[in-house]
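Peer 1: This is the structure, below, for whatever I ask next.
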Amino acid sequence: MSREKRKLRKKFIVFCEGDTEYNYIDTMRLNQGVELALKPINMHGGGYSNFLEVIKKEANNNCLAKFIVIDYDRVKKHPGELAKLKEIIEYCKLQNSNKRIPHFLILDNPDFEYIACLHILEYQGQDVKKFIEQTLGFKNIDNFKAKKDVYEYLNTKGNSYNIMLDRLKEYIVKNSYNINKSNFDIRITKTDVIWDNENKRGSNIREMFEIIDW
């Protein structure tokens, strides 16, 4: 008697840069339905070049979309990284124009820790490091980054990703897309890059929440 073939779950692949993002998304994926699975890949801060290499190597089998979640502050700390970031942008645009697996570049400016603070009503735009250490009471920002239950921490006791999304107004990258829910099909039709916003804190992370919460 032949064994019935196991059905693979359709999934999203999420590439993320640091421990905060990894811990957040790793818990976030557990809240999704059986048809969708998130696969965080911790890049261990290897830089934009490392991102691009891993993105290219990752298999597309049964994958609905890829999200590349990165911090923009690397550009300001390491000027040579701007060219590498532009390579990622062009690679994503190429994949999307060829109607392959959609590649959503999510650019957090300056970083994911800022996005994390936006979950909390008390946060009113002050220095992120001081807020995490002085108001939230963490010994240092590294302790916050290493917090395994950061998703629960940021989504309980009045804190919520909905608060964060409501506060986000600015972005450097914006992906326009269409979703066909019946066919589990996602297409990115256009990616805009607004370099004039590089000094405005913000993110297009709303796109990731909209896609996985459909």
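Just so it is clear, none of the values below were taken in a lab; they were calculated from the coordinates. This structure is a prediction, so every number in the text was calculated from the model and none was measured. Heads up, the Cβs are rebuilt from the backbone with ideal geometry, glycines too, and the neighbour counts pull from every protein chain shown.
Peer 1: Would you please give the FRET efficiency between LEU30 and LEU94, computed as 1/(1 + (r/R0)^6) with r the Cβ-Cβ distance and R0 = 25 Å, to the nearest 0.05? Write out the running numbers ahead of the final one.
Peer 2: Numbers: r = 33 Å, r/R0 = 1.31.
For R0 = 25 Å, the calculated efficiency reads 0.15.
Peer 1: A further question follows. Only four residue types carry charge here, +1 at the Cβ of Lys and Arg and -1 at the Cβ of Asp and Glu. Report the dipole size of the chain about the Cα centre in Debye, rounded to the nearest 20.
Peer 2: 920
Peer 1: Please identify the chymotrypsin sites (Phe, Trp or Tyr not before Pro) of segment 75-117 that satisfy two criteria: DSSP loop assignment and at most 10 other Cβ atoms within 10 Å. Which are they? Numbers along the way, then the final one.
Peer 2: Values: sites: TYR91, PHE104, PHE112, TYR114; in loops: none.
Listed in order of number, the matching sites amount to none.
Peer 1: In addition: In segment 103-147, which GluC sites (Glu not before Pro) fall in coil by DSSP and have 12 or fewer other Cβ atoms within 10 Å?
Peer 2: Working: sites: GLU113, GLU122, GLU133; in loops: GLU122.
Answer in residue order: GLU122.
Peer 1: Now a separate question. Between GLN134 and GLU198, take the C-beta separation as r, use R0 = 41 Å, and let me know the FRET efficiency to the nearest 0.05. Could you put the intermediate results ahead of the total?
Peer 2: Details: r = 28 Å, r/R0 = 0.68.
Once the sixth-power term is evaluated, E becomes 0.90.
Peer 1: Hey, another quick one. How much of the DSSP beta bridge set in the chain is antiparallel, as a percent to the nearest 5? Walk me through the numbers before you get to the answer.
Peer 2: Numbers: 9 of 27 bridges.
Antiparallel bridges make up about 35 percent of those DSSP assigns within the chain.
Peer 1: Starting from the Cα-Cα distance between LYS77 and ASN62, subtract it from 0.36 nm times their residue separation and give me the gain in nm to one decimal. Please report the intermediate quantities before stating the final value.
Peer 2: Details: separation 15, 0.36 × 15 = 5.40 nm, distance 3.68 nm.
Roughly 1.7 nm would be gained on extension.
Peer 1: Angle between the Cα long axis of helix 81-97 and the longest principal axis of the chain, 0 to 90 degrees, nearest 10?
Peer 2: So the helix axis and the longest Cα principal axis differ by about 30 degrees.
Peer 1: Also: At 0.36 nm per residue, minus the direct Cα-Cα distance, what do SER176 and GLN124 gain on full extension? Give it in nm, one decimal, please.
Peer 2: Numbers: separation 52, 0.36 × 52 = 18.72 nm, distance 2.92 nm.
My answer for the length gained is 15.8 nm.
Peer 1: What whole-number distance in Å separates the alpha-carbon centres of segment 83-108 and segment 160-214?
Peer 2: 14
Peer 1: Follow-up question, since we're still on this one. In deg cm²/dmol and to the nearest 500, what is the mean residue ellipticity at 222 nm of the chain if only DSSP H runs of at least 4 residues count, each as -39500 (n - 2.57), divided by the residue total?
Peer 2: Numbers: 9 runs with 73 residues, N = 214.
For the chain, the value works out to -9000 deg cm²/dmol.
Peer 1: Report, as a whole number in µm² per second, the diffusion coefficient that Stokes-Einstein gives for segment 39-162 at 4 °C and 1.567 mPa s using the Kirkwood radius over alpha carbon pairs.
Peer 2: Details: Rh = 16.3 Å.
So the translational diffusion coefficient is about 79 µm²/s.
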